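Scroll down for the structure; my scribbles are underneath it.
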Amino acid sequence: MKKTTVKKKNRVVQCLPFYLMALPGMLYLIANNFMPLYGMLLAFKKLDVRKGIFGSDWVGFDNFKFLFSSNTAFTIIRNTICYNLVFIIVGTIIAVALAVLLNEIRSKRFAKFYQSMLLIPYLISWVLASYLSYAFLAQDVGLINSVLNALGKPDIAWYSTQKYWPLILFMVYIWKNIGYMFIIYYSSIVSISGDYFEAATIDGATKWQQIRSITLPLIKSTVVTMTILNLGRIANSDFGLFYQIPRNSGSLYGVTQTIDVYVYNALMNNNDFAMSAAAAVFQSVVGFIFIMVANAVVRRYSKQDALF
């Protein structure tokens, strides 16, 4: 018994530095992810600041009605889910392609330069990104309309014409986020042992054959994991993208308004925090369902790639 106790104490002492290293992350996780969970009660109550969350009257699912009672409910839910599906599918393809191409660059100097150029937009705030997009799209002084005028073409009222915005939002999203997405896949490719590629080269495999038979299969788990995690946020949208870039233009709501933007505008108008909490709960439930379904599908066809 004494020997076992001593061994356990020694093991704790040996692992203590690792526990201390993990402590800041654990504290952040508790403060940011677990402590706010009690706030979910707010989604089912009529908030009275004097009574607090626990003392406020219970109203059941009444707070959820504002999401579905509006005649634009279908539009905002459709926009949120469809945009996210396009971002996940096309964004993943572009990110993987860039990671594969960058891995083929043998000059480390050029590789680092391209990495930096791709990652810089991700570090820019959406406010700054909105001003940059306005510099291109402004009707009177925008760069695109200036070029159209020089070519003898009429101006385009970008901020009041809906048909252009699905493509604009997609391009801005890719420009800003592709650096972060590609870094994840690039790190997975870099971690692949070079012995595989040397053996393939000796066997006479071309670069495309190496990519198809070695690179892509070995990063499949990373792609699947990232896709499942992204599906967990399919009912959420990047607020900065859909609010700042279109500059909250009412004439564009048909193609730019998502759940987050709709809830924000409603909150600014009626100051009902319970309705905002209800929308967050709805988004979380939808994301949970998508994760469970996606994981079940992956587990059925490739058990080793499933999250659980």
Checklist entry - Any residue in segment 214-224 that is open to solvent by 30 Å² or more (accessible area, probe 1.4 Å) and assigned to a loop (DSSP other than H, G, I, E, B)? => result no
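Results for (1) within 19 Å of the chain's Cα centre (by Cα); (2) closer than 17 Å to F242 by Cβ; (3) surrounded by 11 or more Cβ atoms within 10 Å (Cβ to Cβ); (4) not basic (K, R), shown as yes or no for each residue.
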residue: Q115; (1), (2), (3), (4): no, no, yes, yes
residue: I120; (1), (2), (3), (4): yes, no, yes, yes
residue: L123; (1), (2), (3), (4): yes, no, no, yes
residue: A129; (1), (2), (3), (4): yes, yes, yes, yes
residue: L143; (1), (2), (3), (4): no, no, yes, yes
residue: A150; (1), (2), (3), (4): no, no, no, yes
residue: Q162; (1), (2), (3), (4): no, yes, yes, yes
residue: V172; (1), (2), (3), (4): yes, yes, yes, yes
residue: G179; (1), (2), (3), (4): yes, no, yes, yes
Checklist outcome for this item: Listed by first then second residue, the pairs whose first member lies in segment 71-97 and is in a helix (DSSP H, G or I), whose partner is of a type in the set (K, R), with beta carbons under 8 Å and at least 6 positions apart or on separate chains, are N84/R233
Next on the checklist: Could you check segment 143-160 and list, in sequence order, the residues that are in a loop (DSSP other than H, G, I, E, B) and either touching a Leu at 6+ places or on another chain (Cβ under 9 Å) or among the polar types (S, T, N, Q) (or both)?
Outcome noted: P154, D155, I156
Checklist entry - Somewhere in segment 16-27, is a residue part of a helix (DSSP H, G or I) and modelled with pLDDT under 80? => result no
Item to check | Residues of segment 225-244 that turn out to be surrounded by fewer than 20 Cβ atoms within 10 Å (Cβ to Cβ), among the polar types (S, T, N, Q) and not in a helix (DSSP H, G or I), as a count | outcome: 1
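The values are calculated or read from the model by the stated rules, or taken from the named source; none is laboratory data. Please read these numbers as outputs of a predicted model, since none were measured by experiment. With ideal geometry, Cβ positions are generated from the backbone for all residues, glycine too; neighbour counts draw on all protein chains shown. Side chains are part of the model used for accessible areas, which takes the heavy atoms of the whole protein and leaves out ligands, DNA and RNA. Shrake-Rupley method; radii C 1.70, N 1.55, O 1.52, S 1.80 Å.
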